[in-house]
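In what follows, a structure is listed as structure tokens, so that the remarks can point back to it.
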Amino acid sequence: MRTFGKIVVIGAGVLALAACGEKQNTAGSAQSSGAAPASASTSAPAAPKGKECTAEDVKTTGKFGEAPTITIPDDCDPPKKLITKDLEPGTGEGAKSGQQLKMNYSLVTWSNKQKLDSSFDRGEPFDLTLGAGMVIKGWDQGLEGIKQGARRLLIIPPDLGYGEGGRGIAPNETLVFVTDAVSVPADKG
């Protein structure tokens, strides 16, 4: 089974995102943290609504630094392409591939509209090197250009997320993240 990413739970329920290379077939490891309901990987796809959702259809609350709420609509289908929308603009230079970022995030899965993971809840931001394949492709692509202090909505289709699923993620699951750029270093070039 090809996977595009994996969730790794480290220590006492700390969830971190990691991605496998497109040509790799590496199974991820996970320990139950109680964050992922057992039914998440067995949910049936919903009947198509006939209209693809946009960023404006997904409702969020909260300001930068606050744990957001994410509400996925019932009247439209998940988008087939990556959607990004800055909810708060941030300042400074936009993030570039190779930079070390520190991000907070909350993840809701489209099929069951439930929060699966949140660094806000743990009180510890997530560190990554943008574009290094440390995270799912939807993050590497969707966080490009984000500025420090920005809050960005990411709606990630399955091919840029976890593809065939597993480890608490349903097959062909669309992922909805609200991310806060806690630290984006200034470009020294």
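Some observations on this one:
- Within the range 50-110, strands (runs of 3 or more DSSP E) holding 1 or more residues that are open to solvent by less than 70 Å² (accessible area, probe 1.4 Å), of a type in the set (Phe, Trp, Tyr) and in contact with a helix residue (DSSP H, G or I) (Cβ under 8 Å, 6 or more places away or on another chain): 100-109
- First in the range 150-170 and assigned to a loop (DSSP other than H, G, I, E, B), second anywhere and among the acidic types (Asp, Glu) and open to solvent by 20 Å² or more (accessible area, probe 1.4 Å), Cβ under 9 Å, 6 or more apart: ALA150/ASP86; ALA150/GLU88
- Close pairs (7 angstrom Cβ cut-off, 6 or more residues apart or separate chains): acidic (Asp, Glu) in the range 106-123, in a loop (DSSP other than H, G, I, E, B) and open to solvent by 10 Å² or more (accessible area, probe 1.4 Å) anywhere: ASP117/ALA35; ASP121/ALA67
- Any hit, the range 171-178, residues being open to solvent by less than 30 Å² (accessible area, probe 1.4 Å), in a helix (DSSP H, G or I) and under 23 Å from GLY94 (Cβ atoms): no
- The range 134-167, subset open to solvent by 20 Å² or more (accessible area, probe 1.4 Å) and over 30 Å from THR91 (Cβ atoms), residue modelled with the lowest pLDDT: ARG167
- Top-ranked residue in the range 32-57 [being in contact with a strand residue (DSSP E or B) (Cβ under 6 Å, 6 or more places away or on another chain) and of a type outside the set (D, E, K, R); ranked as modelled with the highest pLDDT]: ALA55
- Checked against the criteria, SER119 does not count as open to solvent by 10 Å² or more (accessible area, probe 1.4 Å), more than 16 Å from ILE72 (Cα to Cα) and hydroxyl-bearing (Ser, Thr, Tyr).
- When restricted to residues that are in a strand (DSSP E or B) and either under 16 Å from GLY65 (Cα atoms) or in contact with a Lys or Arg (Cβ under 9 Å, 6 or more places away or on another chain) (or both), the range 118-134 contains 4.
The values are calculated or read from the model by the stated rules, or taken from the named source; none is laboratory data. Treat the numbers as computed from the prediction; the structure is a model and nothing was measured. Heads up, the Cβs are rebuilt from the backbone with ideal geometry, glycines too, and the neighbour counts pull from every protein chain shown. The area values use the complete protein model at the heavy-atom level, side chains included, leaving out ligands, DNA and RNA. Shrake-Rupley method; radii C 1.70, N 1.55, O 1.52, S 1.80 Å.
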